[in-house]
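Below: the structure, in structure tokens.
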Amino acid sequence: MLNVLARPIRSTIVWGLIGGLIYIPLCTGFSFLVRWPASLQLTLWSLLAGYGVLITRWSSARLRSIGLPFLLLFIAAIFIQSTPFFLFSAFAVLSWIRSGICFRKKPFVKRVGAEIGLGSATALLVVGAVPGVGPAWALGVLMFFLIQALYFVLLEQDVDPELKIEVDPFEKARMAAENILDSAEKEIII
């Protein structure tokens, strides 16, 4: 049986493509429900929440473990009127989920370094950008997730596919018999 785990680099890039494609319709839909900038912030919250679910599946963490961070980010999306401050909060929540909840096998210093580097790189994307519902921000969403895929390149997480081959019971029995005969043969020679 081939047991294939998730491939986070490829899946993060695919999620970025999906996010870039649905960014404009999602932001437009939220703008009918709430005022600006909450519509943009709820759109980004939705994309990050979907990515958070993917991350928990890759790490085998419980889905409820990301409930509090995303609840806090949802509250921030509704009540914070500053998009740059919300984006900083979103980067912090993503770092908290990824390095604090899901992938904790690597040393703390490496995880924090990777998060600071990726957070700085993504902050450079939005420093001069004016938030909007346009193709530039849809491409920005794609670039954000491309940069986030680097996390798994930098820390080489143990979520790569692993090949497990289920051995036929008769083959197992044959191999066990050979091992017994080999060990008996060694005892006779000694």
Nitroxide proxy distance, nm - points 7 Å out along Cα→Cβ at LEU125 and PHE74: 2.4
Between ARG35 and PHE88, with labels modelled 7 Å along Cα→Cβ, what's the label distance in nm to one decimal, could you check? 2.3
What distance in nm separates the simple spin-label points at ASP168 and SER65, each placed 7 Å from Cα in the Cβ direction? 4.1
Burial-style ranking of 106-112, 170-176, average other-beta-carbon count within 10 Å with highest first, yields 106-112, 170-176
Tell me the carbon and sulfur percent of the accessible area for region 10-97, rounded to whole percent, probe radius 1.4 Å. 74
If I stretch the segment between MET175 and ILE188 completely, what's the gain in nm (0.36 nm per residue apart, minus their alpha carbon distance), one decimal? 2.7 nm
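The values are calculated or read from the model by the stated rules, or taken from the named source; none is laboratory data. Since the structure is predicted, the reported quantities are computational estimates derived from the model, not experimental observations. Ideal geometry is used to build each Cβ from the backbone, glycine not excepted, and the neighbour counts take in all protein chains shown. Heavy atoms of the whole protein, side chains included, go into the accessibility calculation; ligands, DNA and RNA do not. Shrake-Rupley method; radii C 1.70, N 1.55, O 1.52, S 1.80 Å.
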